[in-house]
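Structure first, then comments.
The values are calculated or read from the model by the stated rules, or taken from the named source; none is laboratory data. Owing to the predicted nature of the structure, the values given are computational and were not obtained by experimental measurement. When we count neighbours, we look across all protein chains shown, and the Cβ atoms used for this are built from the backbone with ideal geometry, even at glycine. In case anyone asks, the SASA skips ligands and DNA or RNA and just uses the protein heavy atoms, side chains included. Shrake-Rupley method; radii C 1.70, N 1.55, O 1.52, S 1.80 Å.
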Amino acid sequence: MTPRRVFVIGATGTIGQATVRALLRQGHEVVCFVRPRAGVGGRLSSADTERLLQGATVRVGDVGDPASLANDGFRGERFDVLLSCLASRTGTPKDAWAIDHRAHLLALEAAQAAGVTHVVLLSAICVQKPLLAFQQAKLAFEKALMASGMGYSIVRATAFFKSLSGQIERVRAGKPFLVFGDGTLTACKPISDDDLGDYLAACVDDPRRRNRVLPIGGPGEAITPRAQGERLFALLGRPPRFKQVPVALLDAVIAVLGLLGRVVPPLADKAELARIGRYYATESMLVWDAEAGRYDAQATPSTGRDTLFDYYGRVVRGEAPAERGDHAVF
């Protein structure tokens, strides 16, 4: 394995941190370009970020500003790889096109000037059926990257543990587990931050992952929401209790917010968030077989060792926090 100089954006999220750790274990020189106040709500100072990303070089600036990328980030130095775990936090149209598309285009341009020949991009498996603004923005950048002439590894990951942990405290408090329909409308192969970080870092040196779109999930069989709830109740030593939520309820919310959003702009963003919730409630995070018109669990590759139920067990025992993803349905 040849050590590379890797420029990382999106390093302060949990997946970004895991990826940086994996890159450092592999002996790469890692430079992370971060905001002055990083993390959710800007809660992380530069000093906090340096502690989180210990072993990497941390540079502070604005990924949405081409001058800052060039002067504060790349600084006229040569790099081998651009690796991005950067994603819009809300998925609303303005945020998505600013971050998932424009900021990535700016980073790509700066990376080309810095001699980068390979881009590793964390995307999402849901761009297979791009019905939402953030999916369309991600897909637009994927296409730009593939047309750039640079080497690429586009990793389309399935659901994350943190996006499937929002009901742990609800169930612990004695409430039922919420499902849409009967809880078997969708399925996914959840992947942990560390397993995904290892996979992304390995793309740097694996020629088999070069110039490919790579769908990836975690280990084991695909899991439905009902199976998630059943295991959670078992870990807590309680009989399973479910409350079924009709998808039509989300449709009604979307219709009302969409109508009101024409008059009150902030409600338009809330309508988009409801659309995101509906998408995750009705679409599986698996490889889509367009010819057969269905999701295919067997065609969805798996990697890693950590399962969602292992994670649930650690949370129940107090060994891990129950983090919520920005796009968690509940």
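Figures for the structure shown
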{"quantity": "Members of region 247-260 that are touching a helix residue (DSSP H, G or I) at 6+ places or on another chain (Cβ under 9 Å) and either among the aliphatic types (A, V, I, L, M) or surrounded by fewer than 16 Cβ atoms within 10 Å (Cβ to Cβ) (or both)", "calculated": "Val247, Leu250, Asp251, Val253, Ile254, Ala255, Val256, Leu257, Leu259, Leu260"}
{"quantity": "Residues that are open to solvent by less than 70 Å² (accessible area, probe 1.4 Å) and under 15 Å from Pro176 (Cβ atoms), drawn from region 194-233", "calculated": "Pro225, Arg226, Gln228, Gly229, Leu232, Phe233"}
{"quantity": "Output for region 180-233, where each listed residue is basic (Lys, Arg) and out of contact with any Gly (no Cβ under 7 Å at 6 or more places or on another chain)", "calculated": "Arg208, Arg209, Arg212, Arg231"}
{"quantity": "Close pairs from region 103-115: first within 16 Å of Glu77 (Cβ to Cβ), partner at pLDDT 95 or above and buried (at least 20 other Cβ atoms within 10 Å of the Cβ), Cβ under 6 Å, at least 6 apart", "calculated": "Ala107/Ile9; Ala110/Leu69; Ala110/Phe74; Ala111/Leu82; Ala114/Phe74; Ala114/Phe79"}
{"quantity": "Only listed residue being in contact with a Phe, Trp or Tyr (Cβ under 6 Å, 6 or more places away or on another chain), within 28 Å of Val155 (Cβ to Cβ) and not in a strand (DSSP E or B), chosen from Arg305, Arg278, Arg314, Arg231", "calculated": "Arg231"}
{"quantity": "Filtered residues of region 1-21 (kept if under 9 Å from Leu53 (Cβ atoms) and in contact (Cβ under 8 Å) with a residue 60 or more places away in the chain)", "calculated": "Val8, Ala11, Gly16, Gln17, Val20, Arg21"}
{"quantity": "Residue within region 307-317 that is loosely packed, with under 12 Cβ neighbours inside 10 Å and either over 24 Å from Gly229 (Cα atoms) or at pLDDT 95 or above (or both) present", "calculated": "no"}
{"quantity": "Single match in Asp251, Asp193 (criterion: of a type in the set (Asp, Glu) and in contact with a Ser or Thr (Cβ under 7 Å, 6 or more places away or on another chain))", "calculated": "Asp193"}
{"quantity": "Residue satisfying condition, being at pLDDT below 95 and either open to solvent by less than 50 Å² (accessible area, probe 1.4 Å) or farther than 25 Å from Leu145 by Cα (or both), within set Arg37, Arg59", "calculated": "Arg37"}
{"quantity": "In region 63-87, residue least open to solvent (accessible area, probe 1.4 Å) [restricted to those that are in a loop (DSSP other than H, G, I, E, B) and more than 23 Å from Leu23 (Cβ to Cβ)]", "calculated": "Gly64"}
{"quantity": "Wholly enclosed helices (runs of 4 or more DSSP H) of region 97-192 bearing at least 3 residues more than 22 Å from Asp65 (Cβ to Cβ) and open to solvent by 30 Å² or more (accessible area, probe 1.4 Å)", "calculated": "133-146, 168-172"}
{"quantity": "Test result for Ala271, free of Cβ contacts under 8 Å to residues at least 24 places away in the same chain, crowded, with 18+ Cβ neighbours inside 10 Å and out of contact with any His (no Cβ under 7 Å at 6 or more places or on another chain)", "calculated": "yes"}
{"quantity": "Condition met for Arg231 (touching a helix residue (DSSP H, G or I) at 6+ places or on another chain (Cβ under 7 Å), modelled with pLDDT of 95 or more and not β-branched (Val, Ile, Thr))", "calculated": "yes"}
